[in-house]
Amino acid sequence: MANKNLNIPMDSINKIHFIGIGGISMSGLAHIMHTNGYSISGSDRMSSHTTKHLETLGITVIPTHSANNICDDIDMVVYTGAIAPDNEELVKARETVKYVLSRSKFLGLLMSIYETAICVSGTHGKTTTTSMLAEILLEAKKNPTITVGGMLNAIGGNIHIGEKNYFLTEACEYQNSFLDFSPEIGIILNVEEDHMDFFKDINDIRNSFTQFVNLIPEHGFLAINEEIPNFNELISDAKCKVETFGFSENATWRAINVTFNEFAHATFDVVYKGEEIGQIKLRATGAHNILNALSTCATSNFMKIMFADMANALFDFTGVDQRFQVKGYVHDIVIIDDYAHHPTEISATLNAARNYPHNSIYVVFQPHTYTRTKAFLTGFAESLSLADHIIITDIYAAREKDPKDIHAKDIVTLLENKGCDVTYIEDFDEIADHLLINCVPKDMIITMGAGNINQVADILLGQ
């Protein structure tokens, strides 16, 4: 499945316009193309820290969507998946601009000009694992170009513009975006039900990951989690070299002698093809990060990176914004923000939190999208029940319209039936007041979700 955009003559392109330029991925792509000498403009519905940063680079950002934004000198338009098909700016672009590409197709086109494209896929953990691998490549002096879905301290943001040897990016399965890519090296962290507004069922998802595997050429490489059910089905037609990672003796890359310190940071010995090759110490929280780290070891080894560089980089990596991010303290109560918005992610975060110094765990959860809430209603209740106290707020709609058949209170009802201490609060200021009244020193507050629930942490900390 070759990338269909490879025949676009980029030397004939001068000006590129990004619709939805304020998104974390779109802003990174705009920055990369600006640095490579292209004239860049873009639009978004609102001004933000991201758009203001782009403007400091000399990129024109228009704070509204309008057909008038599409000028005669634009050679290519790139749009994010959040843009509706009837958006007047996109409609005008399709009528007047020769090349109009979705973000994923443009990303596939971009990575094809690099010697080696590395794509990190999976239902969970893509941002963290991409960031881990970024640290390793930088430690090994590979100077890759990096685009990641979070803010990484090592690169001072979400992108690093390096040389044309390596291009490292996340590969999201939503709307089969990653099938537009041109990977030479791939990672599959996990395959679970998610994005059920697009996929029909788990078999539909697995079929997409199988197609992703088949994109990797014969000279390429894939690292895959052996804990994925029937993972061999996904790689049955793989042309590339494949290695597994996990905890069993069957895994090509295996973690043994695992211990955790008081902050839930793991130390473990790495076994490769049955031979112990060294020790890894993590400062990223939780057992799930052991598997993330193993996947980067497998990938780095294929790129002939020394194990010492892997170990040093993984120890230096302390996490990404909104991934068990300690935001600060108020009245000796630790405030943590986490992006978890799927039951598996919530369970991983709360299991990690149990090993972190605390008295009681308060979780403020904002469900993300109506379809996800409806699909995983029972799973949300089961995973959130691991907390001592739970506050549920309204569903963050994102790209969806309210279908009127699901509500955040449905999660509350299930948690009440399980005997949990749960409260529904709509207003963020009221949530902060509730927490400050009820929490005591040494408690832990986790704001959790992929929407704007992190604003509660900011309110608590007076930011």
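The values are calculated or read from the model by the stated rules, or taken from the named source; none is laboratory data. These numbers were taken from a predicted model, which means no experiment stands behind them. Positions of Cβ are backbone-derived with ideal geometry, glycine not excepted, and every protein chain shown enters the neighbour counts. Each accessible area value is taken on the protein alone, full model and side chains, heavy atoms only, with ligands, DNA and RNA left out. Shrake-Rupley method; radii C 1.70, N 1.55, O 1.52, S 1.80 Å.
Structural remarks
- Sequence ranges 296-307, 119-130, ranked by mean other-Cβ count within 10 angstrom, highest first: 119-130, 296-307
- Of the accessible area of the chain, computed with a 1.4 Å probe over protein heavy atoms only, carbon and sulfur atoms account for 46 percent.
- Inter-part distance where region 270-328 and region 161-179 are each reduced to a Cα centre, Å: 20 Å
- Per-residue HN-Hα couplings for region 57-63 [Karplus 6.51, -1.76, 1.60; θ = phi - 60°; Hz; x = Gly/Pro]: 7, x, 8, 7, 10, 9, x
- Helix-only CD estimate at 222 nm, as mean residue ellipticity for the chain, using -39500 (n - 2.57) per DSSP H run (n ≥ 4): -9500 deg cm²/dmol
- Computed with a 1.4 Å probe on the full set of protein chains, the accessible area for Phe198 sits at about 80 Å².
- Along principal axes, Cα extents of region 94-253, largest first, whole Å: 45, 44, 30
- Highest to lowest packing among 337-344, 454-461, 92-99, scored as the average C-beta count within 10 Å: 337-344, 454-461, 92-99
- Per residue solvent-accessible surface (Å²) - the chain, probe of 1.4 Å: 42 Å²
- Using θ = phi - 60° in the Karplus curve 6.51 cos²θ - 1.76 cosθ + 1.60, the 3J(HN,Hα) couplings for region 262-278 round to 5, 9, 6, 8, 8, 10, 7, 8, 9, 10, 10, 6, x, 10, 5, 10, x Hz; x is entered for Gly and Pro.
- Part-to-part distance (alpha-carbon centres) for region 404-448 and region 342-382, which is given in Å: 12 Å
- For Asn355, the amide hydrogen comes within under 5 Å of no other amide hydrogen, counting only partners 5 or more places away or on other chains and with H modelled in the peptide plane.
- Lysines with Cα under 29 Å of Lys241, excluding same-chain neighbours fewer than 8 positions away: Lys4, Lys105, Lys126, Lys141, Lys142, Lys164, Lys273, Lys281, Lys304
- The alpha-carbon atoms of region 418-463, seen along their principal axes, cover 33, 26, 16 angstrom, with the largest extent given first.
- Among the protein heavy atoms, those of Arg399 account for about 110 Å² of accessible surface (1.4 Å probe, every chain in place).
- Largest-first principal axis extents, alpha carbons of region 134-218, Å: 42, 31, 18
- Ranked by how many other beta carbons lie within 10 Å on average, peptides 183-192, 134-143 from highest: 183-192, 134-143
- Largest to smallest accessible area among Ser25, Ser104 [probe 1.4 Å]: Ser25, Ser104
- Region 42-69 and region 7-23: distance between their alpha carbon centers, rounded to Å: 15 Å
- With all projection directions averaged, the alpha carbon convex hull of the chain covers 21.6 nm².
- Shape call, region 231-390: gyration tensor on alpha carbons, a/c limit 1.5: oblate
- Residues with amide H under 5 Å from that of Val77, placed H, sequence gap 5 or more: His17, Tyr99, Val100, Leu101
- Kirkwood-based shape ratio for region 340-463, expressed as Rg/Rh from alpha carbons: 0.94
- Rounded to the nearest 10 Å², the accessible area of Met196 at probe 1.4 Å: 50 Å²
- Region 331-380 - Rg and Dmax from Cα coordinates, angstrom: 12.4, 38
- Listed values for region 183-199 are Karplus-derived 3J(HN,Hα) couplings in whole Hz (6.51 cos²θ - 1.76 cosθ + 1.60, θ = phi - 60°), namely x, 10, 10, x, 10, 10, 7, 5, 9, 9, 5, 6, 6, 6, 6, 10, 7, and x replaces Gly and Pro.
- In summary, region 1-92 shows an alpha-carbon radius of gyration equal to 1.05 times the 2.2 N^0.38 Å reference for compact globular proteins.
- Divide the volume of the convex hull around the Cα atoms of region 54-132 by the residue count and you get 157 Å³ per residue.
- Bridge type composition, the chain - antiparallel percent by DSSP, nearest 5: 25 percent
- Neighbourhood charge, 11 Å Cβ-Cβ cut-off, centred on Tyr362 and excluding it, Lys, Arg +1 and Asp, Glu -1: -3
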